[in-house]
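A quick write-up on the structure given underneath.
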Amino acid sequence: MQHLLAGGWSSADWFEKHGYPSYRNQQLASWIFQKRATDFTQMSDLPGALRQELARDFRLWTSDVVSAQRSDDGTEKLLLQWPDGGRIECVLLRDGTRRSICVSTQVGCAMGCVFCASGLDGVDRNLSTGEIVEQMLRLQQKLPASERLSHLVVMGMGEPLANLDNLLPALELANQESGLGISSRRITISTVGIPQAIRRLADRHAHFHLAVSLHAPDDELRNRLVPVNRNIGLDDLLSASDYYFEVSGRRLTFEYVLLAGVNDKETHAHGLVRLLQRRSALLNVIPYNPVAGLPFQTPDRRAIQQFRVILENGGLNVRFRRRKGDRINAACGQLRRSRAVDTGER
Ligand code: SAH
């Protein structure tokens, strides 16, 4: 039996081989992406025999929902397990009229950022296109029929630019009208910053929004917080980011997780001003979401405020993000980790 979402959307050949007109494939897609069907039996305008054949040849879902949590602010988080035992997380966030989803691209992560829960055990494997799309659909099913997904962020577990070949077809489906219909301006890829892959993305798919996880204003500190930086360096990262901006014409976002006493001092804020003031970019400052067992803390309000004033006086475009869903471990990798600690597995 084949996964219907394998490779993104794989049923066109099947319809042809079984002698069905191609509009049947479009009907099927509309049931899954727009009408949010969870089962072939619900697809009432497909002939009964076709529904049975589809159920015989295709699996719609390949993951098990190990855990589903909802917090008071409407954030919902799923922990999914694939048949090989690999587990990942994905999240639905509600904010005013926004309905955003956050998806994972790898089981684990190889980047090793020292404050992040996802990479503590390294990476197991890339997710397939179908596994990425399955997360989107499972989250969309949490919405009432009257609501639509408006935003997609690729900020879950894993490094998206290390799995671009599987990710891009999934994002195209998210973007297409016949898919989830999310505008490409509202699709954000968050990356630790792999210059080669940023350039490749710029040359092929510059219509998505790019967010670069910066976390430090200089190489010395970034090497410590984001160990892959030792092979990259800020110069190359920023020149690749500038190239993405030139090609796409879209303002980039830089992300900065604020860690008390580590990267939240005045000198760091001034360093950021020097680095970013001539760039057309948004600096998104995120208070650290504590991870059990890691030695980092969220700065207090005063420290955050001081940091903010320097950035604003330096003319940077800044946004200080509220923490959403922190009570359900919505920072990447945390739910999987807490479950693993509970049960003694990874
Ligand atoms: N690998 C990609 C995408 C996944 S992480 C990247 O590095 O961008 C998404 C964002 O969450 C990154 O900016 C990451 O640094 C940040 N992050 C990781 N752990 C966090 C934590 N405990 N609290 C706050 N942000 C965190």
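The values are calculated or read from the model by the stated rules, or taken from the named source; none is laboratory data. This is a predicted model, so every value here is computed, not measured. Cβ coordinates were reconstructed from backbone atoms using ideal geometry, including for glycine residues, and neighbour counts include every protein chain displayed. Surface areas here come from the heavy atoms of the whole protein model, side chains and all, with no ligands, DNA or RNA. Shrake-Rupley method; radii C 1.70, N 1.55, O 1.52, S 1.80 Å.
So, in the range 166-190, how many residues would count as being over 20 Å from residue 7 (Cβ atoms) and either within 11 Å of the ligand (Cβ to nearest atom) or in contact with a Phe, Trp or Tyr (Cβ under 6 Å, 6 or more places away or on another chain) (or both)?
Residues meeting the conditions: 3.
Matching residues to (1) at pLDDT 95 or above; (2) within 16 Å of the ligand (Cβ to nearest atom); (3) more than 23 Å from the chain's Cα centre (by Cα):
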| residue | (1), (2), (3) |
| --- | --- |
| 271 | yes, no, yes |
| 278 | no, no, yes |
| 292 | no, yes, no |
| 307 | yes, yes, yes |
| 311 | yes, no, yes |
| 314 | yes, no, yes |
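Here are some residues: 16, 53. Which one is more than 15 Å from residue 5 (Cβ to Cβ), open to solvent by 60 Å² or more (accessible area, probe 1.4 Å) and among the charged types (D, E, K, R)? Talk me through it step by step, then tell me what you get.
On the way: 53 fails: open to solvent by 60 Å² or more (accessible area, probe 1.4 Å).
Of 16, 53, the one residue that is more than 15 Å from residue 5 (Cβ to Cβ), open to solvent by 60 Å² or more (accessible area, probe 1.4 Å) and among the charged types (D, E, K, R) is 16.
Scan the range 233-257 and report the pairs whose first residue is on the phi > 0 side of the Ramachandran plot and whose second residue is away from the ligand (no atom under 16 Å from the Cβ) and modelled with pLDDT of 95 or more, with Cβ atoms within less than 9 Å and a gap of 6+ or a chain change.
Listed by first residue and then by second, the contacts come to 233/219.
Being within 24 Å of residue 200 (Cα to Cα) and buried (at least 16 other Cβ atoms within 10 Å of the Cβ) narrows it down to one residue among 308, 279, 251; which is it?
Values: 308 fails: within 24 Å of residue 200 (Cα to Cα); 251 fails: buried (at least 16 other Cβ atoms within 10 Å of the Cβ).
Residue meeting the stated conditions: 279.
With respect to residue 96, is the statement that it is open to solvent by 40 Å² or more (accessible area, probe 1.4 Å), of a type in the set (Gly, Ala, Ser), on the phi > 0 side of the Ramachandran plot and not assigned by TED's automatic domain parsing to the domain that holds residue 157 true?
no
If you go through the range 118-143 one residue at a time, how many are more than 16 Å from the ligand (Cβ to nearest atom), open to solvent by less than 40 Å² (accessible area, probe 1.4 Å) and of a type in the set (Gly, Ala, Ser)?
Counting residues in the range 118-143 that are more than 16 Å from the ligand (Cβ to nearest atom), open to solvent by less than 40 Å² (accessible area, probe 1.4 Å) and of a type in the set (Gly, Ala, Ser) gives 1.
Of the residues that make up the range 156-165, is at least one within 13 Å of the ligand (Cβ to nearest atom), part of a strand (DSSP E or B) and open to solvent by 10 Å² or more (accessible area, probe 1.4 Å)? Working first, answer last.
Applying the first criterion (within 13 Å of the ligand (Cβ to nearest atom)) to the range 156-165 yields 156-164.
Then keep just the ones that are part of a strand (DSSP E or B); that gives none.
So far as the range 156-165 goes, no, none of its residues is within 13 Å of the ligand (Cβ to nearest atom), part of a strand (DSSP E or B) and open to solvent by 10 Å² or more (accessible area, probe 1.4 Å).
Do any strands (runs of 3 or more DSSP E) lying entirely in the range 8-111 carry at least 3 residues that are within 16 Å of the ligand (Cβ to nearest atom) and among the aliphatic types (A, V, I, L, M), and which ones are they? Show your work before the answer.
Numbers: elements: 64-70, 76-81, 87-95, 98-102, 106-108.
Result: 87-95.
If you scan the range 192-228, which residues turn out to be surrounded by 15 or more Cβ atoms within 10 Å (Cβ to Cβ), within 16 Å of the ligand (Cβ to nearest atom), more than 19 Å from the chain's Cα centre (by Cα) and touching a residue at least 40 places away in the same chain (Cβ under 8 Å)?
Within the range 192-228, 216, 217, 221, 224, 225, 227, 228 meet the criteria.
Being open to solvent by 60 Å² or more (accessible area, probe 1.4 Å) and not small (Gly, Ala, Ser) is the filter here, so list the residues in the range 22-37 that pass it. First the steps, then the outcome.
Of the residues in the range 22-37, the ones open to solvent by 60 Å² or more (accessible area, probe 1.4 Å) are 22-23, 26, 34-35.
Answer for the range 22-37, where residues must be open to solvent by 60 Å² or more (accessible area, probe 1.4 Å) and not small (Gly, Ala, Ser): 23, 26, 34, 35.
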